[in-house]
Amino acid sequence: MEIKEVPVTLARRLNTAYFEGRLSPAAEAALAGLETAGADARELADRMFRLMRLARFEATDLSPFTAWLLGFSVPRTVPSAWRGAVPPVTMAGRHRKIDDYLATNPWHRPDTDPVFVDLGCGFPPFTTIETAHRFPGWRVIGVDPAFGRYLVHDAAGNYALFDSEDRLRYYQAGNYDPAPEASHARFHDLLRRLLPLLTESGEAVAEFGRLTRDPLRQYEKGNLGLRPGEIGAFELDGGADVIRCLNVLMYFDQDFRERALRWAARLLRPGGLFLCGSNWIDSASSRYTVYQKESGELVAREFAFSIENVRPIELAPWYALHDDNLENLRNAHAVGTLRADADFRRRFDARLDALLAELGVCPRGADGYLGDSAEGRAPDELARCSALLAERLDSEGFVDDAVAVLRRAGFEAWRNGAGHVAMRPVPPPALGPSLVPLDLNRT
Ligand SMILES: C[S@@+](CC[C@H](N)C(=O)[O-])C[C@H]1O[C@@H](n2cnc3c(N)ncnc32)[C@H](O)[C@@H]1O
């Protein structure tokens with residue numbers, strides 16, 4: 001009898017290398033999409049598992065839902081899915097907690113004509129608009145290299161952004177588009193049909209969609225301005241008091257970050273803040289560093305993260321395109337410290353399991369593994385559960401408890417004005433090397 005060799009999947013290799021093969025069969029199956037994914041998605045998956053080890057995350061805590069995010073969503077959101085570009089993906093409410101943070105920061109109080117720059121603000125500039133409302137006394141400027149020439153909406157409200165050469169820069173058809181190529185073709189077709197209908201005012205409206213030329217105009221009102229520009233190529237007379245650069249540096253390596261910090265130090269006024277890091281829907285999965293300009297240089301004063309990162313059901317806290325991403329390393333290091341405290345870990349895990357059961361989200365089964373999300377729940381809705389969990393865990397004292405554990409472990413830690421666990425930044429340990437050859441089985 002001929003014995004055929006069964007190819008070992010990437011999911012199996014990751015499971016074996018990082019979890020001694022203990023991931024549930026459902027979680028491993030949900031990673032199947034990685035098999036044909038771009039190199040950046042495969043590397044991200046491998047990095048995620050290495051970060052999980054640093055954070056003492058258990059195989060039984062990786063739900064099929066989280067694994068599905070990795071196997072399905074990641075290959076569609078990484079730069080290789082956007083021809084190498086960083087997608088301007090953003091959403092309303094994403095930086096609400098960062099705005100809370102700024103409103104309560106005790107060591108930064110600009111007094112005359114304060115200026116806020118939202119660097120790499122994305123499009124539509126939802127978070128910049130919200131910050132301009134929240135701080136009416138500030139001049140708020142959104143800056144991004146990907147502002148487009150044409151904005152196309154379909155009849156369902158999904159949109160796409162095209163540059164002046166009619167190249168599709170980005171589209172948003174929900175955060176989990178099942179058929180990206182069909183969406184590309186559909187938006188190109190919409191643009192082709194709408195362009196001849198453009199009026200002098202720069203609008204075209206039809207029953208099948210809507211086209212706006214130079215769409216930034218419609219957002220610039222009152223204290224809100226928008227300018228094309230990027231790190232290293234943007235100037236502002238008089239400088240800025242705060243630069244918020246969220247969900248941008250995670251696409252770049254440490255060398256780029258250092259150049260960005262030196263450039264930001266020149267743009268900031270004395271005492272000004274530079275906030276960088278990442279988060280997700282409703283400010284869930286937060287991890288960010290706050291720098292302050294002192295004697296002409298940026299000094300790291302605070303690293304903070306949201307409490308549900310201690311055992312997230314989201315993928316976001318692990319998302320970064322480079323091993324040396326400081327916020328991911330700091331987050332995994334701090335979470336690993338918390339999870340090394342047996343008493344804290346036991347109480348946190350028990351309470352989180354109870355909250356997940358109450359919400360019907362990935363409830364733990366009799367086999368000890370986290371289960372799948374409830375049928376029919378959209379991923380965006382599940383992502384909102386993470387913000388809900390953060391509120392509940394904070395209100396029940398887990399942020400204060402985490403601060404106490406970090407202090408006992410020798411860190412300077414506190415609860416900041418956004419309700420996040422904050423600490424004086426320390427150099428985190430580097431990520432161990434990859435244990436999996438990522439290009440095996442590729443054709
Ligand atoms: C994932 S989006 C984040 C948008 C928004 N800051 C948020 O948090 O929702 C990343 C943005 O970074 C922008 N970007 C890419 N390279 C950049 C650079 N060198 N300088 C500034 N922004 C950049 C992209 O155009 C994109 O809009």
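Brief remarks follow.
- Residues located in the stretch 367-394, provided they are more than 24 Å from the chain's Cα centre (by Cα) and modelled with pLDDT of 95 or more: Asp367, Gly368, Tyr369
- Selection status of Arg257, in contact (Cβ under 8 Å) with a residue 12 or more places away in the chain and closer than 20 Å to Asp324 by Cα: yes
- Residues located in the stretch 172-206, provided they are of a type in the set (Ser, Thr, Tyr) and over 24 Å from Arg377 (Cβ atoms): Thr199, Ser201
- Residue within the stretch 261-269 that is closer than 22 Å to Leu102 by Cα, buried (at least 21 other Cβ atoms within 10 Å of the Cβ), touching a residue at least 40 places away in the same chain (Cβ under 8 Å) and away from the ligand (no atom under 15 Å from the Cβ) present: no
- Residue in the stretch 143-153 that is under 24 Å from Ser283 (Cα atoms), in contact with a helix residue (DSSP H, G or I) (Cβ under 7 Å, 6 or more places away or on another chain) and within 15 Å of the ligand (Cβ to nearest atom) present: yes
- Inter-residue pairs, beta-carbon under 7 Å, first buried (at least 19 other Cβ atoms within 10 Å of the Cβ) and in the stretch 368-387, second modelled with pLDDT of 90 or more and charged (D, E, K, R), 6+ apart: Leu370/Asp61; Leu370/Arg364; Gly371/Arg364; Ala383/Glu314; Ser386/Glu308; Ser386/Glu314; Ala387/Asp282
Rundown of residues vs (1) more than 10 Å from the ligand (Cβ to nearest atom); (2) part of a loop (DSSP other than H, G, I, E, B), yes/no style:
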residue: Pro75; (1), (2): yes, no
residue: Arg94; (1), (2): no, yes
residue: Ile98; (1), (2): no, no
residue: Gly122; (1), (2): no, yes
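- For first residues located in the stretch 13-30 and at positive phi, partners that are crowded, with 20+ Cβ neighbours inside 10 Å and lie 6+ apart or on another chain with Cβ distances below 8 Å form the pairs Gly21/Asn15.
- Qualifying position, being under 18 Å from Asn328 (Cα atoms) and hydroxyl-bearing (Ser, Thr, Tyr), among Thr66, Thr60, Thr90, Thr104: Thr66
- Residue within the stretch 102-116 that is within 11 Å of the ligand (Cβ to nearest atom) and not in a loop (DSSP other than H, G, I, E, B) present: no
- Beta carbons closer than 6 Å, at least 6 apart along the sequence or on distinct chains, pair a first residue in the stretch 115-137 that is farther than 25 Å from Tyr171 by Cα with a second that is more than 10 Å from the ligand (Cβ to nearest atom) and of a type in the set (D, E, K, R) for Val115/Arg139; Val115/Asp241; Arg134/Asp99.
- Restricting Ala81, Ala85, Ala146 to residues that are among the aliphatic types (A, V, I, L, M), modelled with pLDDT under 95 and assigned to a helix (DSSP H, G or I) narrows the list to Ala81.
- Strands (runs of 3 or more DSSP E) wholly inside the stretch 184-286 that include at least 1 residues being under 16 Å from Cys121 (Cα atoms): 224-228, 240-246, 268-278
The values are calculated or read from the model by the stated rules, or taken from the named source; none is laboratory data. Model, not experiment: these values are computed from the prediction. Reconstructed Cβ throughout: ideal geometry from the backbone, glycine too, with neighbour counts over all protein chains shown.
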